[in-house]
Amino acid sequence: MDNERIRAICLALPHVKETLNWGHHLVYWAGDRDIGGKMFAMTDLDGSGTGVLWFHCGAERFHELLEIDGIMASPYLAKAHWVTVERWDALRARQVEDELRRAHELIFARLPKRTHAVLALPEKERAKVIRERKKMLAARARKKKTTKKKR
């Protein structure tokens, strides 16, 4: 298992987007984050973090996974039932795939109704709504930035 395999698994799931955050983490989102999507997994691209893979596992699986050697509660995210896989061989490839699918399903089910409504739109309409939302957010950020400069 490696970052490329994780990427292939995650991007094969429905309505998944990826972003590069915090300099070296590839974050996978159920739905586009600009329309209310939520992250369900992430990987460390340069090996400088505390693990190689983080994912949401839900309250039911959280304690079961912590019993496996090489898996620990994720720093800052344990309250939300996220675990950190410390090395690639802590789980078999099939287990990783199953856990990522489960993480996606858990997070996707908890997305806001408005986000589900946008994701249910045909591709062209959905892309248009997302573009408009991104423009609105960019304009809001510019306005906020100019307001701060005036103070």
Residue in region 1-40 that is surrounded by the fewest Cβ atoms within 10 Å (Cβ to Cβ), counting only those that are under 22 Å from ARG114 (Cα atoms) and among the small types (Gly, Ala, Ser): GLY36
Which pairs turn up if I take residues in region 15-38 that are closer than 15 Å to ALA120 by Cα and look for partners that are modelled with pLDDT of 90 or more and of a type in the set (Ser, Thr, Tyr) with beta carbon separation below 7 Å, at least 6 apart in sequence or on another chain? VAL16/TYR28
Considering only residues of region 41-68 that are within 17 Å of ASP89 (Cα to Cα) and among the small types (Gly, Ala, Ser), which is surrounded by the most Cβ atoms within 10 Å (Cβ to Cβ)? GLY51
Matching residues in region 69-96 - criterion: being open to solvent by 30 Å² or more (accessible area, probe 1.4 Å) and part of a helix (DSSP H, G or I): ALA78, LYS79, ALA80, TRP88, ASP89, ALA93, ARG94, GLN95
Which ones in region 28-68 are assigned to a strand (DSSP E or B) and polar (S, T, N, Q)? THR43
Residues that are assigned to a helix (DSSP H, G or I), open to solvent by 40 Å² or more (accessible area, probe 1.4 Å), within 30 Å of LYS135 (Cβ to Cβ) and of a type in the set (D, E, K, R): does region 100-116 have at least one? yes
Could you identify the single residue in ILE107, ILE71 that is more than 15 Å from the chain's Cα centre (by Cα) and among the aliphatic types (A, V, I, L, M)? ILE71
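The values are calculated or read from the model by the stated rules, or taken from the named source; none is laboratory data. Here the structure is a predicted model, which is why all the values come from computation and not from measurement. Methodologically, a virtual Cβ is constructed for each residue, glycine included, from the backbone with ideal geometry; neighbour enumeration extends over all protein chains shown. When the accessible area is computed, the model is the full protein with side chains, heavy atoms only, and any ligands, DNA or RNA have been set aside. Shrake-Rupley method; radii C 1.70, N 1.55, O 1.52, S 1.80 Å.
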